[in-house]
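We did not get these values from a lab; they are worked out from the coordinates using the rules stated. For clarity, every value in this text was computed on a predicted model and none was experimentally measured. No Cβ is skipped: glycine too gets one built from the backbone with ideal geometry, and neighbour counts run over all protein chains shown.
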Amino acid sequence: MLRTFPACLLSVSLFVLGVTCQDTASPNEVIRGVNLGGWLLTEAWITPSLYSSGADDEWSLCNGLGKKSCSSALKSHWESFFTLDDIVEIKAAGLNSLRIPIGYWAVDLLDYEPYVSGQYPYLIRAINWAQELGLSVLIDLHGAPGSQNGQDNSGLIGPVLFHTNTSNSDRSINVLKNLTEEFSKDIYGGVVRGIELLNEPRLSSGGFTMDQLKSFYSAGSSVIRAASNTINVTFHGNYWSNYDPSNVDATSTPSRLTLDSHQYYAFAPLNNLPPDTILESICNVSRLLKSTPSIPYTFVGEWSLETGTAPNTTSSRQNRENSQAKRTWLRTMFEAQLAAYSPNGPGQQSIGWYYWTWKTEYDIDTWSYRRGVQQGYIPKDVSNSSTFAFPILQNGCIDSSFNYTAPLRPGSAATAVSPSWALSVMSLISVPFTLLVM
């Protein structure tokens, strides 16, 4: 769905945040979101205490505990890990959207599978909280039958078997249909703006192929569009020009279609890059998002501040090093990505971002948005440009040469940038702004 806003005077800093004139209702804003990671689909590194048995993924966790004990442990986790207080804090941090990962087994669980269900009522509760607080929601199918990537975030570490039989695809389609039919009901007030077909599918030659993935995307898109005329279809993939999952001969991108691109510097081949190279890479992504009109509307659905080290159950040990220099870098990297993944002018395909993740059990500094706000290397209110430290250049990248140093004490506020820097991008003001409603 497209909404066109009237021409009006915009400050550049507000344009970066996607706020237009006096109309700041959430459908009119660029996405500033966080993932509720490790909640309805658990990961050992996010909640190590839940995995004290030594299991590596949710399949093996429940397989080892047995269904009764696993159900008890997970229900306690679902009840306590994210509460209304968390959602209130998310809102207070200037964020306006939630991406909620979930596994297929919350909807479709076979007797032989060790997983347990019971997540659905908590998903409904979170969506009701979002509605009360004026947040939008993207539901993400994070784990599919057979595993679409063989990683812990799919619920099952091992070979990628999603593509090996039609049952896996059919079950996933039924899950997407169920979620769409439920959350397009009037009772939810249109809070669920999108459903993501599949998180981080991993392709390989001789294995899961692009043709198979696009075939699934076509079927998933069709079932969502048939069940709702308001919920956006979101797919994970590359920056495909003129992509339409329901028409291979398309010459333009259809409405109600969004692309989720994940940008990480913790994993190969972008791990262990020097800081200047990381900032240049982030800026390159900014240029692509802001100057490629043929791609679908795109948000960065996962990103973090980690560089060089994949997360694990002991990652919180890195919190012991909390120097001023480290916090200076984390603030620089955060604002670089904030600017890169947000639009800074009209006619751009970039529509915002979701940070991974709001919190972890021990609030790992490079992964926990909550800790970043508390420590001061993430702005306390990301909707308020006066809390930013770095100027933004006309190309949508931060001015990394700007002389910024984090406060000596963690948690102290950063010094705001003088608004005079905005004069360099005055060409962006007084323009109409068209944005995909998310």
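Structure above, values below:
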{"quantity": "Nearest-0.05 FRET efficiency for S323 and D111, computed from C-beta distance (R0 60 Å)", "calculated": "0.70"}
{"quantity": "Calculated FRET efficiency for the pair R202/A226, C-beta based, R₀ 25 Å, to 0.05", "calculated": "0.35"}
{"quantity": "Qualifying trypsin sites (Lys or Arg not before Pro) in segment 199-279, DSSP loop, other Cβ atoms within 10 Å at most 15", "calculated": "R202"}
{"quantity": "For segment 239-334, fraction of C-alpha pairs farther apart than 22 Å, in %", "calculated": "44 percent"}
{"quantity": "Relative contact order (%) - criterion: Cα under 8 Å, at least six apart; region: segment 79-222", "calculated": "24 percent"}
{"quantity": "Computed [θ] at 222 nm, helices only, for the chain once each DSSP H run of length n ≥ 4 contributes -39500 (n - 2.57)", "calculated": "-9000 deg cm²/dmol"}
{"quantity": "Per residue Cα convex hull volume in Å³ - calculated over the chain", "calculated": "135 Å³"}
{"quantity": "Alpha-carbon Rg with Dmax, taken over segment 214-253, Å", "calculated": "10.1, 26"}
{"quantity": "Length added when fully stretched, S241-N384, from 0.36 nm per residue minus Cα-Cα", "calculated": "48.2 nm"}
{"quantity": "Residues in segment 336-360 that a label on S49 would reach, taking backbone N under 20 Å of a point 7 Å out along Cα→Cβ", "calculated": "357-360"}
{"quantity": "Segment S255-S72, extension gain: residue separation times 0.36 nm, minus the distance between their alpha carbons", "calculated": "61.6 nm"}
{"quantity": "Average Cα contact separation per residue, the chain, under 8 Å, 6 or more apart, as relative contact order %", "calculated": "21 percent"}
{"quantity": "Given K214/K380; K326/K359; K214/K359; K185/K214, the pairs whose alpha carbons are separated by over 31 Å", "calculated": "K214/K380; K214/K359"}
{"quantity": "Listed residues I224, G146, W367: farthest to the positive end of the dipole of the chain (Cβ charges)", "calculated": "W367"}
{"quantity": "Dipole in debye (nearest 20) - the chain, about Cα centre, beta carbon charges: Lys, Arg +1; Asp, Glu -1", "calculated": "620 debye"}
{"quantity": "Where labels lie 7 Å past Cα in the beta-carbon direction, separation of T209 and H262 in nm", "calculated": "2.5 nm"}
